[in-house]
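FYI, it's all coordinate maths here, none of it is from the lab. Being a predicted model, the structure only gives us computed values, none of them experimental. Here the Cβ positions follow ideal geometry from the backbone for every residue, glycine too, while neighbour counts run over all protein chains shown.
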Amino acid sequence: MSATTAPVTVTGMSTHTQQVPTKETGATRTSRKRDKTHSAANGHNLETETNQTESSEAKKAKTVTPPSPIATKPSIHDIFKTLEYGPAPEASNVVEAWLDDHKRSFGHFINGKWFMPEGKRNSYESRNSVNGSRLAATIQGTTEDVDLAVESAKTAYTSWSILPPHVRARHLYSIARHMQKHARLISVLESMDNGKPIRESRDSDIPLVIRHLYHHSGWAQLMDTELSGWKSVGVVAGIVPWNFPLMLLSWKVCPALAMGNTIIIKPATYTRLTALLFAEICAEAGLPPGVFNVVTGNGAFGQELACHPDVDKVAFTGSTSVGQILRQETAGTGKKLSLELGGKSPVLVFDTADVDSAVEGIVDAIWFNQGQVCSAGSRLLLQESIAERMVLKLKDRMSHLRLGDSLDKGIDMGAIVDPAQRRSVETYVERARQEGADVYQACASIPSKGCFYPPTLITNVQPVSKVVQEEIFGPVLTVLTFRTTKEGIALANNSVFGLASSVWTENISLAMEVAISLKAGTCWINCHNKFDSAAGFGGYRESGFGRDGGKEGLYEYIRPAWQNRIQPVIDEAKYASFGTSIAPRPLNPSQLTHGYPITSTINTQEVPSIDRTYKMYIGGAQKRPDAPYSRPVISAKGQVIAQVGEGNRKDIRDSVEAAFRAFPGWGKRAAHNRAQIVYYLAENLEVRRMEFGQRISDMTGDSLEEALEEVDCSIRRLFHWGAYADKYGGGVQETTLYGATVKIHEPVGVIGIACPTERPLLGFVSLFAPAVIRGNTIVIIPSERYPLSANDLYQVFDTSDIPGGVVNIVTGSQEHLTKYLVEHQNVESMWYFGSAEGSKFVEFSSVNNVKRTWVNYGVSRDWISSEQGEGEEFLIHSTEVKNIWIPMGDIFAN
């Protein structure tokens, strides 16, 4: 072996393996000796390929050494001299005893006790992914089990939801205390069931579970004061994945219980045991029966739970593909839904970064929990000037990572959760190799048996490569380079996901500007994978919607106090034909009470009125519809009072393009400037108060007094939302981080809005104003029956300094236009106030890019009421929550 080359390759892993040239110091030699000794103990030879291919003749030629004397226990002097790793196992006896207490067989936990159904049931064997040993058997649930669990939760809800907040706070506090008492048992079981290192479950996962319990105990106490005007949802179904079985369970359970809901948890197939242990601890802590239930089963069983008619809310964490299925299965049911889905998080390292700190951060970003993290920093973006140096340092660091038994406190990485997942990871890597990528795999030790996969670095890839674009969910890191900051941001945002990101630089101004520019729900600065109960975690785009943690996460488990659960009845024939449209035809004169066309009187002579056909309003200009069709607007008296353009797919396309172009500039405008524009709009509307009132009266048949009330309410509403333009920007979250965690309420992007038929002016203003003042651009479909108030408004827009493309108005068939809006990839959110069938269509079709939706399920609201027409829910739907984590430590490092 060369004196200047350290062995870092994993044998048999890649034809593209490399060796990293390093200058061998005394410390390096000691490290190599330590690594080699431990590797042999773990059953995997990590010697170089030269040594492995040594000829048999050469081996025979070697001098046979005499047998060594009987090994003696090394002295303290020897240990300090060699610094060899010794085994540091965590005892599993307490877990084995708990499993034996239950005869290693578990049923469901329903209504505060264990439930083992009668008769023969299929079961699933939970196994230790490190050594394959059997842990326990759990049953596969059926429809009857779902019914029983939901009935139990529904019954418990009637009493739990009306408990005083302080009592619920005490229950959560009690669970937190009991979790602390059993923390070691839980940590060891989590590592045995999942395969993650005991250091991670003991020092990260379980403390964070306990932190969530304490934090949400506080929110339970404060619900009446901090969340007045809101109420609990009902029965919650929580479906959690296998990568953080208990931690992600707590992210659903804690806010649900704090807000007065009851919950049923369906854990992942691979990792069921800690959820069942948690249920037993809840019972020990005195949680009332039925408030928390655990049922086990396969994926179809989870879908059955989510679709149960008495489940009011579904909270899911898992893959994007399964989240899309759940979105479609629950569409049109009136259930609340939050999805925390996949990710492909970028790690941007600038030439102003502390390179050595960044290397350690990258290790935490991608190889934490074997890379089985939805927020794993799996896309490394390096500024070109430091790329080569960073890759060399990273390869050297990989050579010191130790893989082994999850209960060994000295290892860095444990086992992949299941052989099927390991095969999936290997398939991605092999495909990258076949496409010509350079695959580098290295570590200090890896057992020869067990479900292990080495840390992997893939270079020479393209932005469109499969390993760059798709979530691998394993210890695989890809590398791309960039020259300028704008190029780095563009590469980072070149993804269908938007869950998390990190920025590495010592330039705080650069870090903040890049963080704000990244399309991700969380951005860490000079760190990665930091979590806390006080800061919401969740994504943009195909990473889902909704947040877990923080006050922002509570809104997923509550609804406005005036609103009840809607369970719409869908006319399947209407649903099947939703979105179809036939162009308008000439009107039958016999169907018009007052005839057609309208006449005017000039100098006592009656003459035909000049035809008026309103155009679309797209990109700040009046545009004719793509197709030469228009539709008549008929007054309450049966008289045609005007014509409006009949929009189609191409008009929607043009409007979305205009909104998309306008969004970057409008979103970056100062909030004060946006407020001034909305105030100016109110000022101009008041000048034309009588005209707008008369128009509403003519269309709807309301009295002029009632119509003027609607105009006046619209003006007040513009002032209301103008006031919020600079008062809903976010805040500082009080996390456990030594530094600042800044919550920013970002605009969503391009929002599609379908207005209600009723209140043609007020409904329009109530929906467009909150979206626009928070920095979004919109494509809006006015009232199909009474569109003229919206058309008259674009003349007001022209005199109120609204930039072109911020508001785009397309008239026509609401159903037809909604279909193309919700299916458009560049529309980030769809608000729909129409039929129950349309609501189902919007939710079902939103899966194409997992856009956010807000629908009314065919139920009208009182737009005059401030409670229903201008509540906080409008702001929530107008914003995305981004949390930026900024650590400190230059002066004090505590």
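For region 267-302 and region 485-516, what is the centre-to-centre distance using only Cα atoms, to the nearest Å? The two parts, judged by their Cα centres, are 39 Å apart.
In this structure, the pairs whose alpha-carbon distance is over 27 Å, taken from Lys196/Lys313; Lys113/Lys154; Lys113/Lys313; Lys73/Lys409, are Lys196/Lys313.
Overall, region 346-542 carries a charge dipole of about 340 debye about its Cα centre when +1 sits on the Cβ of Lys and Arg and -1 on the Cβ of Asp and Glu, all other atoms neutral.
The protection proxy used here, the mean number of other Cβ atoms lying within 10 Å of each residue, ranks peptides 509-517, 749-757 as follows, highest first: 749-757, 509-517. Modelled spin-label separation between Glu734 and Glu388, with each label point placed 7 Å from Cα along the Cα-to-Cβ direction: 5.2 nm. Dipole size of the chain about its Cα centre, with +1 on Lys/Arg Cβ and -1 on Asp/Glu Cβ: approximately 1660 debye, rounded to the nearest 20.
Normalised Debye scattering of region 346-542 at q = 0.13, 0.16, 0.17 Å⁻¹ gives log10 I(q)/I(0) of -0.66, -1.02, -1.15, counting only Cα atoms as equal scatterers and leaving out solvent.
Annotation: Cα Rg of the chain relative to the compact-globule expectation 2.2 N^0.38 Å equals 1.07. The length gained on full extension between Gln676 and Ile602, counted as 0.36 nm times the residue separation minus their Cα-Cα distance, comes to 22.5 nm.
Give me the percent relative contact order of the chain, please, defined on Cα pairs under 8 angstrom at least 6 residues apart.
It rounds to 12 percent for the chain.
All alpha carbon pair distances within region 96-341 were sorted into 5 Å bins beginning at 0; the resulting P(r) in whole percents reads 1, 7, 15, 19, 21, 18, 13, 6, 2, 0, 0. Between Ile610 and Asp203, residue separation times 0.36 nm minus the direct Cα-Cα distance comes to 138.8 nm. In percent, rounded to a whole number, the relative contact order of region 485-584 is 21, using alpha-carbon pairs under 8 Å and six or more apart. May I ask for the distance between the Cα centers of region 217-236 and region 670-690, given as a whole number of Å? Using only Cα atoms, the two centres lie 36 Å from each other. Of the three principal axes defined by the Cα atoms of region 644-726, the extents in descending order read 42, 36, 17 Å. Working note: Karplus 6.51/-1.76/1.60 with θ = phi - 60° gives region 348-354 the couplings 9, 10, 9, 6, 9, 7, 6 Hz, where Gly and Pro are set to x.
Put the Cα centre of region 304-359 next to the Cα centre of region 823-894 and the gap is 15 Å.
Would you report the distance distribution of C-alpha pairs in region 336-376 as whole percents per 10 angstrom bin, up to the bin with the largest distance? Reading the bins upward from 0: 26, 41, 23, 8, 2. Semi-axes of the equivalent ellipsoid for region 369-435, computed as √(5λ) from the eigenvalues of its C-alpha gyration tensor and ordered from largest down, come to 24, 19, 11 Å. Dipole orientation for the chain: of the candidates Val569, Val796, Ser865, Val569 has the Cα lying most toward the positive pole (charges on Cβ; Lys, Arg +1; Asp, Glu -1).
Quick check on region 408-496: take the gyration tensor over C-alpha atoms, sort the square-rooted eigenvalues as a ≥ b ≥ c, and tell me if it's rounded (a/c under 1.5), prolate or oblate. Prolate. Taking a ≥ b ≥ c as the square roots of the eigenvalues of the Cα gyration tensor of region 285-386, is the shape rounded (a/c under 1.5), prolate (a/b larger than b/c) or oblate? Verdict is prolate for region 285-386.
List the chymotrypsin sites (Phe, Trp or Tyr not before Pro) in region 530-569 that DSSP assigns to loop (not H, G, I, E or B) and whose Cβ has at most 12 other Cβ atoms within 10 Å. Which are they?
Listed in order of number, the matching sites amount to none.
Go ahead and run the numbers for FRET between Ile79 and Lys486, Cβ-Cβ distance against an R0 of 60 Å, rounding to 0.05.
After rounding, the FRET efficiency stands at 0.65.
Remark on region 649-805: hydrodynamic radius 16.6 angstrom, per the Kirkwood mean of 1/r across alpha carbon pairs. Here the spin labels are modelled as points 7 Å beyond Cα on the Cα-Cβ line, and at Gln795 and Asn494 they lie 4.8 nm apart. Our summary gives region 346-542 a relative contact order of 27 percent, counting only alpha carbon pairs under 8 angstrom and 6 or more residues apart.
Using a/c under 1.5 as the rounded threshold, could you call region 420-460 rounded, prolate or oblate? The axes a ≥ b ≥ c are square roots of the C-alpha gyration tensor eigenvalues, and prolate needs a/b larger than b/c, oblate otherwise. Oblate shape, in that a/c is at least 1.5 and b/c is the bigger or equal ratio.
Its Cα gyration tensor gives region 191-263 an equivalent ellipsoid. The semi-axes, each the square root of 5 times an eigenvalue, are 28, 14, 6 Å from largest down. Hey, what number do you get for the chain at 222 nm if only DSSP H runs of n ≥ 4 count, each worth -39500 (n - 2.57), divided across all residues, to the nearest 500? Value at 222 nm, helices only: -12000 deg cm²/dmol. Measuring against 32 Å, Cα to Cα, the residue pairs Lys336/Lys882; Lys551/Lys623; Lys519/Lys551; Lys103/Lys449; Lys668/Lys840; Lys266/Lys882 contain Lys551/Lys623; Lys668/Lys840 as the ones spanning a longer distance.
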